1. Restricting to the range 295-346, count the residues that are open to solvent by less than 70 Å² (accessible area, probe 1.4 Å), free of Cβ contacts under 8 Å to residues at least 60 places away in the same chain, under 23 Å from residue 259 (Cα atoms) and in a helix (DSSP H, G or I).
2. Report the residue count in the range 160-208 for those that are in a helix (DSSP H, G or I) and either of a type in the set (Gly, Ala, Ser) or within 16 Å of ligand 3 (Cβ to nearest atom) (or both).
3. Condition test on residue 211, is it in the same structural domain as residue 329 (by TED's automatic domain parsing), buried (at least 23 other Cβ atoms within 10 Å of the Cβ) and at pLDDT 95 or above?
4. Return only the number of the condition from (1) within 15 Å of ligand 2 (Cβ to nearest atom); (2) surrounded by fewer than 19 Cβ atoms within 10 Å (Cβ to Cβ) that residue 233 does not satisfy.
5. Just to be sure before I move on: is residue 122 away from ligand 2 (no atom under 16 Å from the Cβ), of a type in the set (D, E, K, R), open to solvent by 30 Å² or more (accessible area, probe 1.4 Å) and not in a helix (DSSP H, G or I) in the structure I sent?
6. Among (1) under 19 Å from residue 92 (Cα atoms); (2) outside the structural domain of residue 296 (by TED's automatic domain parsing); (3) within 16 Å of ligand 1 (Cβ to nearest atom), where does residue 139 come up short?
7. Would you pick out the residues in the range 61-80 that are over 21 Å from the mean Cα position of the chain (by Cα) and either surrounded by fewer than 18 Cβ atoms within 10 Å (Cβ to Cβ) or not aliphatic (A, V, I, L, M) (or both)?
8. Within the range 214-224, is there a residue that is among the aliphatic types (A, V, I, L, M), in a helix (DSSP H, G or I), out of contact with any helix residue (DSSP H, G or I) (no Cβ under 7 Å at 6 or more places or on another chain) and away from ligand 1 (no atom under 13 Å from the Cβ)?
Amino acid sequence: MKDARMSWRAIFSIISTIAGIYIGFLTQKPVSSLCDPTECPYCYGDDLCGDVEENKINLRYGSFSDAFNNLFGVKNVYFADYGGVKVVLKKLGHRSELARMTKKASEVKIFEQLNSAGGALKACDPETSELLVEKSRRSFGLEQLWSVLQINSEPLILRIFERQDDWPVPELYGACGLLIVEEHCGQPLNNFRTSDWHDRAFLALQLVEAAVNFTRKHADFRMYLTDISPDNIAVDDDFNLCFIDLENVILKQKLADEDSVHYSEHFDEDDFVYDEGAVCQSSMSDHNVYAVCRLLLSRRAPWPMMRNGLLHSAPPNVVVRYDELFALIEECVDSDEKLSRFYIAEELIRLLKEATESH
Ligand SMILES: Nc1ncnc2c1ncn2[C@@H]1O[C@H](COP(=O)(O)OP(=O)(O)O)[C@@H](O)[C@H]1O
Ligand SMILES: *[C@@H]1O[C@H](CO)[C@@H](O)[C@H](O)[C@H]1NC(C)=O
Ligand SMILES: [Mg+2]
């Protein structure tokens, strides 16, 4: 009986792969149809337009899931090959959005946009905006910067927190028109629900480290992620993770002092709330650590995170030996100023390293 089921599954997967390839060939669209470099000066760059023209970047139809996404994907995300490397193409912004945009770029408008409460990328104060524009002008022209800020600021963040400097983010290869090409980082975090507990502990370790690093490690900025969710974290075959949706963030200029620390207040309701004003006013906030504990690690983590949080179903010997780890994660959610979440994060890192290394 079991064998019969296995072979049906194998047959189904062969048929669907063939169907994927076949549909792919029938409808194959060149990547150049996705980018419209005539939309410049709105565009994000043109450094990859040559490679697009020469068909060096091609949509993937080799597996059913890639073919399905590339044909029917609702999000403007495509999976492609670029010189033998798997990459993601993101089409940022639609024609309708372009129509709404004001064409003329100016520094004044850029600063207004950065400081406005409605923007996805929020700069905490005028000093932060100024520094951000100064740093961004190394990679973007004034008009590009204006487009990036109005449509989707992810490329800007990927130039400030670079993969090459070991930030857990995808590498940005370049752009053509409104299309950006970035590293494919793997599958969404929720696909690892049934992975070995020690592999999940290694993911948890990286999440806590990243939360602290985004807050403290960059030379110029503190970055607070305001859209943390399992779909916005991708994991590769070696269980290295990266944050893939960096559109919604708060940036704050990093000043040396860390004395006015903001402690996130925990509410028991299902909605995750944070206080943008309070995050910005402090010299440093525990927002990232709180968000990772509350939304991903805790056994009370809400939907869309996997049931009972990333570290669910620990083997019995782990439960006994690391009871402190599980207690600290819950404390990280509930804690107010009594026990600093940065202290808790350090302890979590220590325990998770021990748990993954001893394995
Ligand atoms: N660099 C990447 N590596 C792997 N998968 C990605 C990458 N970028 C996007 N994806 C996939 O595409 C989905 C949508 O991309 P995302 O940037 O989060 O767009 P949206 O703003 O529409 O949520 C992600 O949830 C993920 O599954
Ligand atoms: C965080 O920073 C530390 C110290 O530089 C580094 O060893 C670690 O790999 C970083 N972790 C992540 C996930 O960025
Ligand atoms: Mg997303």
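1. Of the residues in that region, 2 qualify.
2. 5
3. Judged against the criteria, residue 211 is a match.
4. (2)
5. When the stated conditions are applied, residue 122 does not pass them.
6. The number of the failed condition is (3).
7. The answer is 61, 62, 63, 64, 68, 71, 72.
8. Scanning the range 214-224 turns up no residue that is among the aliphatic types (A, V, I, L, M), in a helix (DSSP H, G or I), out of contact with any helix residue (DSSP H, G or I) (no Cβ under 7 Å at 6 or more places or on another chain) and away from ligand 1 (no atom under 13 Å from the Cβ).
The values are calculated or read from the model by the stated rules, or taken from the named source; none is laboratory data. The structure displayed is predicted, hence computed values, not measured ones. So basically every Cβ, Gly included, is an ideal-geometry build from the backbone, and we count neighbours across all protein chains shown. Only protein heavy atoms, including side chains, enter the accessible area calculation; ligands, DNA and RNA are left aside. Shrake-Rupley method; radii C 1.70, N 1.55, O 1.52, S 1.80 Å.
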